[in-house]
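Note sheet for the following structure.
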Amino acid sequence: MWILAALSLVIAADRPVRVAIPAGRFAPLFGLDTGQRDFAVSAFAIDARLVSNAEFAAFLRARPDLGKGRISSALADECYLSHWEGATLPPGSSAAPVVSVSWFAAQAYCEWRGARLPSTLEWEYVAAASETDRDASRDPAFVARILGWYSRPTGKDLPGESHRNVYGVYDLHQRVWEWTLDFNGAFNTADNRQDGDKIAGMFCGGGAIGSARREDYAAFMRYALRGSLSARSTLASLGFRCAASTTETR
Amino acid sequence: MKTSLSLMTTLAMMLACAPAFAAAELPLEKATLTEPPNVPPPITRTSAAKVLVELEVIEKVGQLADGVDYVFWTYGGTVPGRFIRVREGDTVEFWLMNHQNNKLPHNIDLHAVTGPGGGAASTFTAPGHKTRFTFKALNPGLYIYHCATAPVGMHIANGMYGLIYVQPTTPLPKVDREYYVVQGDFYTEGDFGAKGGQAFSMKRAIDENPSYVVFNGSAGSLTGDRALKGKVGETVRLFIGNGGPNLVSSFHVIGEIFDKVFTEGGSRPQENVQTTIVPAGGSAIVEYKLDTDGTYILVDHSIFRTFNKGSLGMMKVEGGQNKDVYSGKELDESYLGDESVASAVLPNRPAAAVAKAPTAKPDAAAGKSLYMANCSMCHQQNGEGIPGAFPPLAASDFLNNIANKNRLDLVATVLKGRTGKITVNGKEYNGVMTPVSGLGDADLATLLTYVSNQWGNKAPAFSKDEIKKLRDAVMTAAPAAPSPPH
Ligand SMILES: [Cu+2]
């Protein structure tokens, strides 16, 4: 017991769980009305790191109904946790970000921790920060580096904790995609493809209409990816982290 | 449009009284899909069928040129993607599978589809998923298909395009050979020929300044052993596409006249055409008869792309020279014009007589690969050159001379380019060789040792240190290659 307690203390000290993000204003790629310049973002807190396999396994011990092979097919597709061997983690993967989890499972995890998934606006707001700048979304070098992820063959991704941004949040780019609370706008668990016009915005020239930064290809890809998902989808390259409104945590 | 209009009205009538797509009664068949440069065999059916097409999206590393790796996004693992052939009036059940190791969602817009987005919205597919939609092939012709997921330009620039041919109910006459060739422009961080893994450059793409313009997804996809083949007397039909994303192609085959061109992939042929425009996101069907043997070069006649960016393919035709059609060189003698030039005698000595210096033990494999990536598109695979355009390096008296007596000039030729009149093995050339960049000292030493000891050439090996010295000398000497006399 003593050893365990000491160990968890070290982990806690070594891994600040959640980072406070100050309020601000932000122009996401999509969603602004004509004439609108940006949105106000309230202060919130977000996990410094992606949720790991080990953390998710601990959660499943509390929620066996969401375990691999147990979860309802309404809540996750067939590839849920497909990288796990049965209910156990593949060796050496405990610290790696958990992937192949559905939106339902990710959100349930965050709720279990007294939090929620970050909204798309919050996520994009934090992810616009480089090592030195709070909004680097117009910095060509920053955008090019993120785009580099797509030029890297699948499976040859960076090791963990490669990039820590100015807020102290790690690996928002170049590791895995991340779930957001409102990943496809008004999500009703159903097939997102019914929302024809919104999705049409992701195709062809349509993608450029109404977007705030036509050259932010990395953001286009994130919005396209989110648009292709439904809440039960799982992808081998899609993980998550949790967030909480600052008032909620108090 | 006339035919399709009447088709539409009959279709509308059918729809009014029967459930959508009275397709269940059609015979079902699975489409044969082929990799470039092959085309599925002509459809011999005389009535409509329901055709099942399954296309898988694969993101994978491939070669943009020898030694140049690139992460391609593909339909079926190749660029262009699989060739699809259906018949006018067929009902096509289309499946798009997005492999689960892929990072991105993808979809497909087939220009052969009548309906919003050409299928794009119906096939928007996350990694590890598959989608399906059905369409009726109303209009015959040759159509591009491509990915239309945002940012669409990047999906196309990474190789997401191919051709679908809707064979007319009255098919085109049978030919001996059909081939599939699609041009595309590529945008890499490094310049043409820069080795290793190359990432997509958004800046180059937006500036419409490609580092590569190639046929069938890589420089060299249709050269050497992979050249298209034919025999004298045969008829050939090329299904040509242009994926773009940016450039319009001036498609031309050096030494051929197209007997027929179905411009833009449409229904009516133009005859006797030298060069045909293939728009980005468009196509052309060209036909010609092989009248005499030789190597015919496929190019984008916006010619710097061919010389410097890779848009060069070959068709090798065997079966004997037809002297009636083409004689070959009948005469080559001196021409003095009205002023007598001092030396009227054009020397044509065999190269081996030039150099007697101890020769190197070249690192042949590495040298060859460097040669293939940097020089072969102009000087050809075995240094034979192209008469009238690119001088030979094989048994070249010019090369042997400078490789032995003026090594600085050889290094300068590569690093600064060369222009102005020169005589190689008795033939005059007055072209432009553009500088070849991106070669380090060690690579350049290997490359020059290779070319000056191949194909009957002989000269001492170049060392890395020697190259370094010569490079410094070349770079500090002010003017570039000698400029042409005015
Ligand atoms: Cu795509």
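The values are calculated or read from the model by the stated rules, or taken from the named source; none is laboratory data. All values reported here derive from a predicted model rather than from experimental measurement. Cβ placement follows ideal geometry from the backbone for every residue including glycine, while neighbour counts extend to all protein chains displayed. All accessible areas refer to the heavy atoms of the entire protein, side chains included, with ligands and DNA or RNA removed. Shrake-Rupley method; radii C 1.70, N 1.55, O 1.52, S 1.80 Å.
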Complex-versus-alone comparison for region B:107-138, residues with a loss of 20 Å² or more in accessible area, probe 1.4 Å: B:Ala121, B:Phe124, B:Ala126, B:Pro127, B:His129
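Enter the buried accessible area of the B/A pair, total of both sides, probe 1.4 Å, in Å² rounded to the nearest 100.
Details: alone 23010 and 12830 Å², together 33230 Å².
Buried: approximately 2600 Å² between A and B.
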Positive minus negative residues near B:Phe94 (Lys, Arg vs Asp, Glu; Cβ under 13 Å): +1
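My understanding is that a pair violates if its Cα-Cα distance is over 29 Å; which of B:Lys329/B:Lys421; B:Lys174/B:Lys323; B:Lys60/B:Lys469 do that in this structure?
Details: B:Lys329/B:Lys421 21 Å; B:Lys174/B:Lys323 27 Å; B:Lys60/B:Lys469 41 Å.
From B:Lys329/B:Lys421; B:Lys174/B:Lys323; B:Lys60/B:Lys469, over 29 Å: B:Lys60/B:Lys469.
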Sulfur and carbon atoms: percent of accessible area, chain B [1.4 Å]: 55
Linear extension gain, B:Glu35 paired with B:Val61, 0.36 nm per residue minus alpha-carbon span: 7.7 nm
Convex hull volume per residue for region A:50-129, taking Cα atoms only, in Å³: 102
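Below 10 angstrom from the Cβ of B:Asp185, what's the summed charge of the other residues (Lys, Arg +1; Asp, Glu -1)?
Values: positive: B:Arg204, B:Arg305, B:Lys309; negative: B:Glu208, B:Asp300.
Result for the neighbourhood of B:Asp185: +1.
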Low-density loop cleavage sites - trypsin sites (Lys or Arg not before Pro) in region A:15-48, where at most 14 other Cβ are within 10 Å (DSSP): A:Arg37
Under DSSP loop assignment and at most 14 Cβ neighbours within 10 Å, longest GluC sites (Glu not before Pro)-free interval of chain B: B:1-207
